[in-house]
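One structure below.
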Amino acid sequence: MDMPARPRVFSQRAQKLTSSTIREILKITERPEVISFAGGLPSPQGFPIARIRAAFDDVLDARGDTALQYGPTEGYAPLRAWVAEDMRRHGAQVTADEVLIVSGSQQALDMLGKLFIDPGSRVLVEAPSYLGALQSFSLCEPEFVAVPTDGRGLVPEAIDEALAAGARFIYALPNFHNPTGLTLDLARRQALVERCARFGLPIIEDDPYGELRYAGEPLPSLLGLGRAAGATVVRLGTFSKVLAPGLRLGYVVAPRDIIAKLVQIKQATDLHTATVTQMAVHEALRDDFLAEHLPKVRALYRRQCGYMLEAMSEHFPDTARWTRPEGGMFIWVTLAAGIDTGRLLQEAIARNVAFVPGAPFFAGVEPQANTLRLSFVTVPEPRIRAGIAVLGELIRRADAA
Ligand code: PMP
């Protein structure tokens, strides 16, 4: 049968789109017998369902008429004020008019692409980097340039005048990186903001996991350090990992001129983020709710991470190296050179275990095909141990091949 002639009417941009590798893998992992370390889903055990239900009830009872009405593009004013206050508590002097509420930080990535990228614009990314950001930016057809990284993350000293020349921004994930799980240390954060200030290179700081620290000491944000150093920092935050992703609620903190442009873009995108959700989340956050809620989520993730690291030490061969995250949801594994984790995945799926091969996370550089990402948060302990044992066996076999 002939294919419909539709592609002739699709834009060139749309024709270039491909499905994310992760989405394809997730289809397979929906089978209940599969032990999946592939998804990046937060644990539903951390969703404060009762609190959110009560918050929606309170908002609808007391202010239903406002909650169900259109609202300002910038977001619900008390929630913007909450974010600004939260930033100040974390050491960055922010005012509410520097905050834009968005429908998940993924929407902010899409809008920032539209704001900064022309076809062919240079965009600096870590290699590897968050796949969802690479996908969003790709729609605007940038030239990705990889910033060198090592076992401690991004190497700021590698950002010189030549690398920064003409670049629109650098996209960085300083805390419990997706996919590597690595955290940028204070000296590197400082060096990064100083270099970006010197070269006039804006920084997009994406920090969905910062509040999920379960080891080590919290570090200042690039926003806080950057403002002190005279760098332009656009910081993305989200309620997806501290409350629940189904709320689709996140925020951008940026200088007012950038917020003003983003407001125009957001207006054209969806007018504003759901009023009732913003009001309910603001209600749910009352009385310092996160101070009581987050320790439970952190403890859960710490335990889960520990099970996986323990099982990896037991079952993985010496040829494998992996990161030891201080927070967040991911462990990044580097296998012996020559092993292709795409092929390993096929073998793993045949044994009902899944992970994400590392290659799709690389842009602007040759992908490292011997890498993979493991997520430990949603799989129960016995299945973590069983799944890691299978992976260990397959890796040993690939080593021997
Ligand atoms: N940035 C990173 C690094 C992420 O891992 C995610 C979620 N997987 C997002 C942004 C998007 O999160 P949300 O849209 O739910 O805020």
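The values are calculated or read from the model by the stated rules, or taken from the named source; none is laboratory data. Not measured: the values here are computed from a predicted model. Reconstructed Cβ throughout: ideal geometry from the backbone, glycine too, with neighbour counts over all protein chains shown. All accessible areas refer to the heavy atoms of the entire protein, side chains included, with ligands and DNA or RNA removed. Shrake-Rupley method; radii C 1.70, N 1.55, O 1.52, S 1.80 Å.
Rounded to the nearest 20 Debye, what is the dipole magnitude of the chain about its Cα centre when Lys and Arg each give +1 and Asp and Glu each give -1 at the C-beta?
380
Would you mind giving the three semi-axes, in whole Å and largest first, of the ellipsoid equivalent to the stretch 104-189 according to its Cα gyration tensor?
Ellipsoid half-lengths, sorted descending, are 21, 16, 10 Å.
For the chain, compute the number of Lys pairs whose alpha carbons are separated by less than 26 Å, excluding pairs fewer than 8 positions apart on the same chain.
Count of close lysine pairs: 9.
Over the stretch 62-288, what is the relative contact order in whole percent, taking alpha-carbon pairs under 8 Å and six or more residues apart?
27
Would you work out what percent of the accessible area of the chain, with all protein chains in place, is carbon or sulfur (probe 1.4 Å)?
53
Placing +1 on the Cβ of each Lys and Arg and -1 on the Cβ of each Asp and Glu in the chain, which of Pro7, Ala172, Thr238 has its Cα farthest towards the positive end of the resulting dipole?
Toward the positive end, the furthest listed residue is Pro7.
Label-point separation (nm) for Gln267 and Leu290, each offset 7 Å from Cα along Cα-to-Cβ?
That separation, rounded to one decimal, is 2.9 nm.
Taking the convex hull of the alpha carbon atoms in the stretch 283-371, what volume per residue do you get, in Å³?
Normalising the Cα hull of the stretch 283-371 by residue number yields 152 Å³.
Give the long-range amide H neighbours of Thr238: residues separated by 5 or more places, or on another chain, with amide H under 5 Å away, using H modelled in the peptide plane at 1.01 Å from N.
Tyr251
Rg and Dmax of the stretch 13-83 over Cα atoms: what are they, in angstrom?
Both quantities, over Cα of the stretch 13-83: 19.4, 48 Å.
In whole Hz, what ³J(HN,Hα) sequence does the stretch 336-345 give by Karplus (6.51, -1.76, 1.60; θ = phi - 60°), x for Gly and Pro?
4, 4, x, 7, 9, 6, x, 5, 4, 4
Just how much of Ile117 is accessible, in Å², when a 1.4 Å probe is used and the result is rounded to the nearest 10?
10
With labels modelled as points extended 7 Å from the Cα through the Cβ direction, what inter-label distance (nm, one decimal) is found for Glu314 paired with Leu68?
5.4
Given the convex hull of the Cα atoms of the stretch 158-212, what is a quarter of its surface area in nm²?
The directionally averaged projection comes out at 4.0 nm².
Would you calculate the separation in nanometres between label points at Arg6 and Arg396, each defined as 7 Å from the Cα along the Cα-to-beta-carbon direction?
It works out to 4.8 nm between the two label points.
When the convex hull of the Cα atoms of the stretch 62-288 is projected onto a plane and the area is averaged over all directions, what value comes out in nm²?
12.0
Enumerate the amide H contacts of Ile35 below 5 Å, restricted to partners 5 or more residues apart or on another chain; note that Pro and chain-start residues carry no placed amide H.
Placed amide hydrogens put Val353, Ala354 under 5 Å from Ile35.
If the viscosity is 1.567 mPa s and the temperature 4 °C, what translational diffusion coefficient in µm²/s does Stokes-Einstein give for the stretch 119-254 when Rh comes from Kirkwood over Cα pairs?
85
Compute the separation of the alpha-carbon centres of the stretch 194-214 and the stretch 282-319 and state it in Å as a whole number.
23
Give me the mean projected area, in nm² to one decimal, of the convex hull enclosing the Cα positions of the chain.
21.6
Name the residues of the stretch 352-395 whose amide N is less than 12 Å from a point 7 angstrom out from the Cα of Arg343 along the C-beta direction?
370
Put +1 on the Cβ of each Lys and Arg and -1 on the Cβ of each Asp and Glu in the chain; which of Ala162, Trp82, Cys305 then has its Cα farthest toward the positive end of the dipole?
Of the candidates, Cys305 comes out farthest on the positive side.
List the residues, sorted by chain then number, that are 5 or more residues from Phe169 or on another chain and whose placed amide H is less than 5 Å from its amide H.
For Phe169, the qualifying residues are Leu124.
When only the heavy atoms of the protein chains count and the probe is 1.4 Å, how do Glu33, Glu205, Glu366 rank by accessible area, highest first?
If we order Glu33, Glu205, Glu366 from most to least accessible, we get Glu366, Glu33, Glu205.
Work out, step by step, the length gained on full extension between Glu157 and Glu143: first 0.36 nm times the residue separation, then minus their alpha carbon distance; give nm to one decimal.
2.9 nm
Step through the residues of the stretch 204-213 one at a time and calculate ³J(HN,Hα) from phi using the Karplus curve (6.51 cos²θ - 1.76 cosθ + 1.60, θ = phi - 60°), rounding each to whole Hz and writing x for Gly and Pro.
Each residue of the stretch 204-213 in turn: 9, 9, 9, 9, x, 10, x, 7, 9, 8 Hz.
Working from Cα positions, state the angle (0 to 90°, nearest 10) between the long axis of helix 77-89 and the longest principal axis of the chain.
Between helix and principal axis, roughly 60 degrees.
Give the accessible surface of the stretch 32-169 per residue, rounded to a whole number of Å², with probe radius 1.4 Å and ligands, DNA and RNA excluded.
For the stretch 32-169, the solvent-accessible area averages 44 Å² per residue.
For Glu30 and Asp61 in the same chain, what is the full-extension length gain: residue separation times 0.36 nm, less their Cα-Cα distance, in nm?
My answer for the length gained is 7.4 nm.
How tilted is helix 289-315 with respect to the longest principal axis of the chain? Cα atoms for both, answer in degrees (0 to 90, nearest 10).
Between helix and principal axis, roughly 10 degrees.
What base-10 log of the normalised intensity I(q)/I(0) is obtained for the stretch 57-135 from the Debye formula, alpha carbons as equal point scatterers, at q = 0.23, 0.26 Å⁻¹?
-1.12, -1.18
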